[in-house]
Amino acid sequence: MSDEITDMLEVRTPAHFKALAHPFRHRLLFALGSGPATISQLAAGLGAAKGTVAHHLKVLTEADLVRAAHTRQVRGGTEQYHERSFRRIVGEDSVATAAMLGAVADELAGDDDPLLHLRHLRLTPAQVQRLRATLEDLVDNLEEADPAQPRYGVLVSLYRRRDTPSPG
C-alpha cells in the first residue's frame, strides 16, 4: 500500500463489500475522518469495547480502507495510530450505494438539523452534464476548515429514475 492517502476510493472488491457490510465499520471510518486515532481513543469516542474496535479495524485494514498512520511510545508500550487510506469513497453499483446510504441514514438520524432534499426534474442531456460537472466541482473544491470545527457529511447524487427511458 502507498504511504499517501488516496483522494478517492471506489468500492469494488469483495473485501471492500465485506468491510462495509457492518454499520460499526462505517462509524469507525467516519470517526477516522477526523484524523488518526488509537484503538483506545476510538473505543472511548464511539462508546465501544476495545476488542470490538480492534476486530473491526482489522477487517477495514485487510480491505485497505484503514492503514497504520504512526506509532507513539508510551509508558508500558507503543500506541498504534490508525487512519483512513482515502479522502472520499464512491460506490458505482447498487450494493455499494445501499451500504453507503444506510450509513448516511444512521448519521442523519442523530442530527438535530439535517439538510436533505430529494427532487425529481426533467433535464436535457446538456443540463445533466452541466449539473454533474457543477456538483463534482463543488465537492472536489471544498476546503477543510479549522480542525476544531465540527465535521459535516456531504452526500451528492445525480441519477436517472428507473421509470424514465434512456434518451435516444
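Assorted remarks:
- When residues of the stretch 1-15 are limited to those that are outside any loop (DSSP other than H, G, I, E, B) and more than 12 Å from the chain's Cα centre (by Cα), the one modelled with the lowest pLDDT: 6
- For the stretch 45-72, a tally of residues being among the charged types (D, E, K, R) and without any contact (Cβ under 8 Å) to a residue 60 or more places away in the chain returns 4.
- Enumeration of residues in the stretch 74-86 that are in a strand (DSSP E or B) and surrounded by 13 or more Cβ atoms within 10 Å (Cβ to Cβ): 79, 80, 81, 82, 83, 84, 86
- Looking at 107, 144, just one residue is among the acidic types (Asp, Glu) and in contact (Cβ under 8 Å) with a residue 24 or more places away in the chain, and that residue is 107.
- The set of residues from the stretch 137-166 being under 23 Å from residue 6 (Cβ atoms) and among the β-branched types (Val, Ile, Thr) comprises 139, 154, 156.
- Answer from 79, 10 - the residue that is acidic (Asp, Glu) and within 24 Å of residue 138 (Cβ to Cβ): 10
- The condition (being modelled with pLDDT under 80 and touching a Leu at 6+ places or on another chain (Cβ under 9 Å)) is satisfied by just one residue among 42, 101, 65, 60: 101.
- Residue among 20, 42 that is in contact (Cβ under 8 Å) with a residue 40 or more places away in the chain and touching a Gly at 6+ places or on another chain (Cβ under 9 Å): 20
- Residues satisfying the stated conditions in the stretch 115-138, i.e. surrounded by 12 or more Cβ atoms within 10 Å (Cβ to Cβ) and either among the aliphatic types (A, V, I, L, M) or assigned to a loop (DSSP other than H, G, I, E, B) (or both): 123, 128, 131, 135
The values are calculated or read from the model by the stated rules, or taken from the named source; none is laboratory data. Since this is a predicted model, take the numbers as computed values, not measurements. Here the Cβ is made from the backbone with ideal geometry for all residues, glycine too, and neighbour counts use every protein chain on show.
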